[in-house]
Structures are given as structure tokens and as C-alpha cells.
1. For the residues F127, F6, what sequence is obtained by ranking on other C-beta atoms within 10 Å, fewest first?
2. Which residues in the range 1-17 have a backbone N closer than 14 Å to a point placed 7 Å from the Cα of D75 along the Cα-to-Cβ line?
3. What's the local net charge at A129, with K and R +1, D and E -1, over the other residues with C-beta under 14 Å away?
4. Extension gain E48-D33, at 0.36 nm per residue separation less the Cα-Cα distance, in nm?
5. Hey, quick one: spin label on R55, modelled 7 Å out along Cα-Cβ, who in the range 64-107 has an amide N within reach, i.e. under 19 Å?
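Each value in this text was obtained by applying a stated rule to the coordinates, not by laboratory testing. Computed from a prediction, not measured in an experiment: that's the story for all the values here. Cβ placement follows ideal geometry from the backbone for every residue including glycine, while neighbour counts extend to all protein chains displayed.
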Amino acid sequence: MSVLAFEDAVEIGANRGRLAADHAASIRRVDRDLGRLLDINEAWRSPETADDNYRRYQEYLAGTGPWAPIALPADESVHCKGGAVDSDDGYNPDVVRILNDHGWYHTVYRWIGGKRVLVEQWHFERFPARDNHRHEGDPASVGATTFDPEEDEMGTKYVQVKDDRGNFAMVGPDGVGRILTGAALRGAQKIATVANGGSLPEVQLSGEEWDAATLEAFGKE
């Protein structure tokens, strides 16, 4: 697999970066099975960034520079090929099991003290042949997904909506959806938890508001 150009990579959704199309679809299936968005700190990486990271890592190894994380040149980096993600969810064994089921595995190990040790718990690469869900398609291709209404402690009904760009919103009885993306979504402590009976006041909403007509359009293919 060669280095993937920015314009050939596709958005994962919710401002989490880009991947090769097949890998991006896999992450959206992970989101579906996880019940929330997978945390992603970095996905596709530009060749310039990769080569700069590699230069700094080589300087560290040579003793001529400060500590730097393990890095490969662009033509060897799976990040540059759109097939790797770095995720803080890598420290959560329950999430790792779901990622493994979808073909995403840790790959950065080193021999330390005679033992093979995982040294980058945040880094995952996808192996399509090991993805048990690879024939299920891209959840984004079916347009918006609307979940069953839930109620907060005051009895107000809300519906969770996801548009085809990977944006999530909680829609209240006023027909207005408030987008949750990026840091705001992570700060909401898993939107699916809220949709399944959590306390809505805990959610920190941000972004633009959707009117009823826009939300209705999301429900049409």
C-alpha cells in the first residue's frame, strides 16, 4: 500500500481525521458496536509530518536530540497509508476487544528484558482479513440513524440522531438538534450513555443548531 494523498482519504466523522475509505467505514462500524464514537487522536498523517517525526526519532536514538516517540518514514508509516489510528481507548480492554473484533490490533512491540512488550498501547492498525464485520458495509451509507426516544429525569423525551457526516445530536421536543463533536462529545461522557437514560444536564452541548426541516432531511436517503 502506497502513501495515501489527503484528497484520497475520507473523513471518519466528528472531526477525528481521515483514513482510507475501507478503514474509515470500519471505524464507523466500531462506533456502532461501541455505542459511542471511538476516541481518535490521530489517523491519516501527512508525509511531511511523518518524515519530521522520523527525523526527530533518529536524532533521539543518536543521542543528538531529546526523547521522541517511535516513528517511521512516510513510505513505511501505516498512518500515511490511511490504515492506522492512535486512540486513548487503547487503554480500555473492553474497547480493545471490540477493536480486535473489527480487525484493529496493537502492532508496536519491543523486546525488553527478554519479553515482547507492548510499548504503544494507543496505536492500532487494521488487518481486513481479521475483521469479522468487513462484509457489513459502511453505516454512514444508509444516511441518518434515529434511535428510540429516551427520557431524562424530568420526563422530557429526546432522540439521538446521527447524520451522514458522522455528527451526533440530541434532539429535544422543540425539534432542534444540538451537535456534539470532537472535544465536546468526549466531554459528554459517551452520548450513548445519555441516550440510554443518563442525565442530560451532564452533556456539554456545542456547535450549530439544526432546525426541524434539516433534521427531517437527515432521515431521508
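1. Fewest to most other Cβ atoms nearby, the residues stand as F6, F127.
2. 1-4, by backbone N distance to the label point.
3. My count for the surroundings of A129 gives -1.
4. Gain in length upon complete extension: 2.0 nm.
5. Residues 64-77, 80 fall inside that zone.
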